[in-house]
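Each remark here refers to the structure printed beneath this line.
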Amino acid sequence: MAKIKGSPIFSQGGLECPREFDGWTCINTTAAGTVAHFPCPYFIFGFDPSRAGHRTCLEDGSWFRHPDSNKTWSNYTTCVDMEDLKMRNNVNLIYKTGYSVSLLALTLSIFIFFYFRSLTCTRIQIHKNLFISLAINNLLWLIWYETVVDNIPLLLANEVGCQILHVLLQYFMVATYLWMFCEGLYLHTLLVITFVTESKVMPILHLVGWGIPALLVAIYTSLRASSKDDTLQDELLEKPEHFMPTIDIIHCSEKCRRYSSFKSI
């Protein structure tokens, strides 16, 4: 396998840009002053394989370089269905609006529970924990949508802060469901057991509502930490509705540049 260099190729037909692998696609030799077209990668979530990307071969036999990164640049923006992108953006807006309204209502409810001292029975204590868990969950989702969902560089960097936010999201999401379970468990206990010692009930419910989610998320975190799969790809496959494929091709190029050695096929 001969190593491909970035210098122009002289052939009988004139100057040509050399064959190059950009990390996703192998672009064949292309005549100077023309545009190379290639199928969109099927393995990139959000790309339509029936569409085509392109790369420009300049008159001097060199590949076009993006002015911001000064690196050879494959244009994959045409791989995205803009109508689908618009729909996803609208769906994400609905998500954020719903989370915001819910967070406002939950905050008001929590304030009422703590402000009126008469609301201190076990049933209200369970409500408090459920509402707090749900409110924090909504707040974290809003932060996720605003800072992570459409931030390709952050996803690629996979920084510790992003990982912590993801783990917290999973924890409070599971905790919310467990506190819903605690609501039903407490009502069932009142019906089945005639005399319930509430001082003994709440510690058990706290263990179920906050402890079990911690155990489950700890297992999940350890499995994800030991996984060799790409973090970005995992996230997109888990929650495709949370992905906004606003392709900033500069960042795509940055990822592609991981492949510093190009080889001919």
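For this structure, a couple of remarks:
- Selection from the range 184-220 of residues that are part of a helix (DSSP H, G or I) and hydroxyl-bearing (Ser, Thr, Tyr): Tyr186, Thr189, Ser199, Tyr220
- Unique residue being of a type outside the set (Phe, Trp, Tyr), surrounded by 16 or more Cβ atoms within 10 Å (Cβ to Cβ) and either within 30 Å of Leu223 (Cα to Cα) or at pLDDT below 90 (or both) when the list is Leu168, Leu191: Leu168
- Across the range 139-168, the number of residues qualifying as at negative phi and either among the polar types (S, T, N, Q) or outside any helix (DSSP H, G or I) (or both) comes to 7.
- Some residue of the range 67-82 being under 30 Å from Asn138 (Cα atoms), without any contact (Cβ under 8 Å) to a residue 24 or more places away in the chain and not in a loop (DSSP other than H, G, I, E, B): yes
- Residue within the range 101-110 that is crowded, with 17+ Cβ neighbours inside 10 Å and within 30 Å of Pro41 (Cβ to Cβ) present: no
- Sole exception among (1) modelled with pLDDT under 90; (2) surrounded by fewer than 18 Cβ atoms within 10 Å (Cβ to Cβ); (3) in contact with a strand residue (DSSP E or B) (Cβ under 6 Å, 6 or more places away or on another chain) for His37, by number: (1)
- Scoring Tyr115 on the criteria (1) more than 28 Å from the chain's Cα centre (by Cα); (2) surrounded by 11 or more Cβ atoms within 10 Å (Cβ to Cβ); (3) more than 20 Å from Leu190 (Cβ to Cβ) leaves a single failure, condition (2).
- Any hit, the range 169-183, residues being of a type outside the set (Phe, Trp, Tyr) and not in a helix (DSSP H, G or I): no
The values are calculated or read from the model by the stated rules, or taken from the named source; none is laboratory data. In this text, all values refer to a predicted model and were calculated from it rather than measured experimentally. With ideal geometry, Cβ positions are generated from the backbone for all residues, glycine too; neighbour counts draw on all protein chains shown.
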